[in-house]
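Below is one structure, written out as structure tokens, with a few remarks after it.
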Amino acid sequence: MVWGNIMPMTREEIENCNKRSKHNDLIKLDVGLSDLKEGIFLRTLRRYEIYIHRIVIVIDPGHGVITGRSIDHGAVRLIDPNGRTWGDNVRYQESDIVLDISKKLKISLENIIRDVEVYLTRETELDNLDNYSELERPPLDFRWKFANDKNADYLISIHCNSSDNSEISGFLVCYDKQTEDNIKLSEKIITNVTLYPDNNKGHRWQELRALRGFEKEAVLIELGYISNDNDVALMTERAVELVNDIAQGIKNYIEEKEKIIN
């Protein structure tokens, strides 16, 4: 909390703050209030205990962890489709793209949402098998457990799609729990993503273990197809535009929900 950003508040604003029930910072303030008494304005100080609400978002860059004796890179795009699936024959790999997008999304959300805390489930691409023990190879459950441990309001998992058909393209938002909130969050994100035409983006239910145990809103975003040239360009060359659209969709959903709560 940045104390210098606290602005004078009306009685209504103070009461609204006190209605919040989660992620609250208790602050005691002497608030200046103007009262009209016998035709004369009097400036008085009154002591209030208020709660400043914080939104907590966890972003999960998919893959990028140790599985067995190899690193899970997710989908890969090879230079030679018939060649090996690692080393200098790899043109793009999902774990790299989604980590870059997730870092950019964290910054974008922090820039446009007031009083937000954003965490990443991972911040590096693991690349040295000898440095990690069996206990440090997190299963998919790690992702939603991490979000629950942070007492997060939202879990956003970031992935790429892939297909044997390089013509297939599109932006997709999925959810493990088909709740009204998850559907609305998905729709807000889709509406704000303008780089894909309306007929090439959508949302759907899908079994997703990485989201299953999370207690609140959780969606998995398939940014595009790593097997499609146009989609790869959107995820790399135009990543900032794509990220800002996603962030604005999340922000729009949060603002609409907060109005309902208040």
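Put the Cα centre of the stretch 209-243 next to the Cα centre of the stretch 160-195 and the gap is 8 Å. Extension gain for Thr191 to Arg238 (0.36 nm times residue separation, less C-alpha to C-alpha distance): 15.1 nm.
Peptides 241-251, 214-224, ordered by how many other C-beta atoms sit within 10 Å of their residues on average, highest first, read 214-224, 241-251. Couplings 3J(HN,Hα) for the stretch 150-155, derived from phi with the Karplus relation 6.51 cos²θ - 1.76 cosθ + 1.60 (θ = phi - 60°), are 7, 6, 6, 8, 9, 10 Hz, where x marks Gly and Pro. Other residues within the sphere of radius under 12 Å centred on the Cβ of Ile101, judged by their own Cβ, net out at -3 (K and R +1, D and E -1). Among the listed pairs Lys103/Lys259; Lys106/Lys257; Lys106/Lys150, those with a Cα-Cα distance over 18 Å are Lys103/Lys259; Lys106/Lys257. Amide H to amide H, with H built 1.01 Å from N, Gln93 comes under 5 Å of Arg77, counting only residues 5 or more places away or on other chains.
Bear in mind that the values in this text are calculations on the coordinates, not laboratory data. No experiment lies behind these values; they were computed from the predicted model shown. Virtual Cβ from ideal backbone geometry, glycine too; neighbours counted across all protein chains shown.
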